[in-house]
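Working notes, structure below.
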Amino acid sequence: ALLGASGSGKTTLLRMLAGFEQLSGGDVQLEGTSIAQQTPNQRPVNLMFQSYALFPHMSVRDNISYGLKMKGVKGDAVSKKVAEALDLVGLADKIDQMPHQLSGGQKQRLGIARALYYDADLIVFDEGTSSLDGISEKKIMDAIHGFSSQKTLIMIAHRLQTVQKCDKIFMMNNGSIVDSGTYQQLLKKKALLYLFLNFPMT
């Protein structure tokens, strides 16, 4: 997870991982192989934007199945994965609706489901649960954690509690990583971090 105030550089870093920003130096490696020269569509990376980037002319079902079909999934396997994805985020009853018929939180859940089931090696969430209430956020994060046992996920967040199940959390400020650790390790530094970064940690 990447944690920090607005403007700390989190989204810029994610855009570099996905190939939407040019590097001024350094490298981006995935499993030991550089992907820095690859275009976004060449990278095995799926980025969920804050705006969700849903296809407005496609139903909930088609928003998820489109990416699966592009990956070569066919027939009944597509329907099965769509059903799994919507069940994961609690949208099974919205399968035939259009994005404009969904609430902000439902759109966000659809974006999460689509990102998870695109089957990329690296999945990146830019404020993936920002529109959800506390209870819904916990349910979705639990679902993501259960799904991600064989995936690498990077999540942006403003609240430490949101990413408490992440294996490692990096604190960012002014374009730099200023601290890192597990949830418990950073929680012990909570007062200092609050003073230093000046944003809510609960």
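Percent relative contact order of the chain, based on C-alpha pairs within less than 8 angstrom and at least six residues apart?
Working: 291 pairs, mean separation 58.2, N = 202.
Answer for the chain is 29 percent.
Give the cross-link partners of Lys10 among the aspartates and glutamates, using a straight C-alpha distance below 12 Å as the criterion and excluding same-chain residues fewer than 8 apart.
Asp126, Glu127
What FRET efficiency would be calculated for the residue pair Gln37, Asp119, taking the C-beta separation as r and a Förster radius of 30 Å, to the nearest 0.05? Let's see the in-between values first.
On the way: r = 23 Å, r/R0 = 0.76.
Taking R0 as 30 Å, the efficiency between Gln37 and Asp119 is 0.85.
Tell me the per residue accessible area of region 9-95 using a 1.4 Å probe; a whole number in Å² is fine. Don't jump to the answer; show the numbers that get you there.
Working: 5110 Å² over 87 residues.
Per-residue accessible area for region 9-95 comes out at 59 Å².
Among all the lysines, which ones have a C-alpha under 29 Å from Lys74's C-alpha, if same-chain residues fewer than 8 places away are not counted?
Lys94, Lys107, Lys151
Could you work out the helix-only [θ] at 222 nm for the chain, with each DSSP H run of four or more residues adding -39,500 (n - 2.57) and the total divided by the number of residues, to the nearest 500 deg cm²/dmol?
Numbers: 7 runs with 74 residues, N = 202.
Calculated at 222 nm, the ellipticity per residue is -11000 deg cm²/dmol.
State the extension gain, in nm to one decimal, for the chain segment bounded by Gln29 and Ser59, taking 0.36 nm per residue of separation less the distance between their alpha-carbons. The partial results should precede the final answer.
On the way: separation 30, 0.36 × 30 = 10.80 nm, distance 3.51 nm.
That works out to 7.3 nm of additional length.
Between Asn174 and Lys69, what FRET efficiency comes out of the Förster formula 1/(1 + (r/R0)^6) with R0 = 41 Å and r the beta carbon distance, rounded to 0.05?
Approximately 0.45, to the nearest 0.05.
Taking square-rooted eigenvalues a ≥ b ≥ c of the alpha carbon gyration tensor, is region 85-140 rounded, prolate or oblate, where a/c under 1.5 means rounded and, failing that, a/b exceeding b/c means prolate? Walk me through the numbers before you get to the answer.
Working: a/c = 1.62, a/b = 1.15, b/c = 1.41.
Here region 85-140 falls in the oblate category.
Sorted by mean Cβ packing within 10 Å, highest first, what order do the peptides 109-117, 55-63, 178-186, 20-28 take?
Sorting 109-117, 55-63, 178-186, 20-28 by mean packing, highest first, produces 109-117, 55-63, 178-186, 20-28.
Under a 5 Å amide H to amide H cut-off, with H placed in plane at 1.01 Å, what residues pair with Leu30 once short-range neighbours are removed?
It is Ile35, by chain and number.
Need the list of aspartates and glutamates near Lys168 for cross-linking: C-alpha distance under 13 angstrom, and skip anything on the same chain fewer than eight residues off.
Leaving aside aspartates and glutamates fewer than 8 places away in the same chain, those within reach of Lys168 are Asp179.
For region 1-133, just say rounded, prolate or oblate: build the C-alpha gyration tensor, square-root its eigenvalues into a ≥ b ≥ c, call rounded for a/c under 1.5, and beyond that prolate if a/b exceeds b/c, oblate if not. Provide the component values of the computation, followed by the final result.
On the way: a/c = 2.43, a/b = 1.44, b/c = 1.68.
Note, shape of region 1-133 comes out oblate.
Which ³J(HN,Hα) values in Hz, rounded to whole numbers, follow from the phi angles of region 38-49 under the Karplus curve 6.51 cos²θ - 1.76 cosθ + 1.60, where θ = phi - 60° and Gly and Pro get x?
7, 6, x, 6, 8, 7, x, 10, 10, 10, 8, 6
The values are calculated or read from the model by the stated rules, or taken from the named source; none is laboratory data. For clarity, every value in this text was computed on a predicted model and none was experimentally measured. Positions of Cβ are generated from backbone atoms using ideal geometry, with glycine treated the same way; all protein chains shown enter the neighbour counts. Side chains included, ligands, DNA and RNA excluded: accessible areas come from the protein's heavy atoms. Shrake-Rupley method; radii C 1.70, N 1.55, O 1.52, S 1.80 Å.
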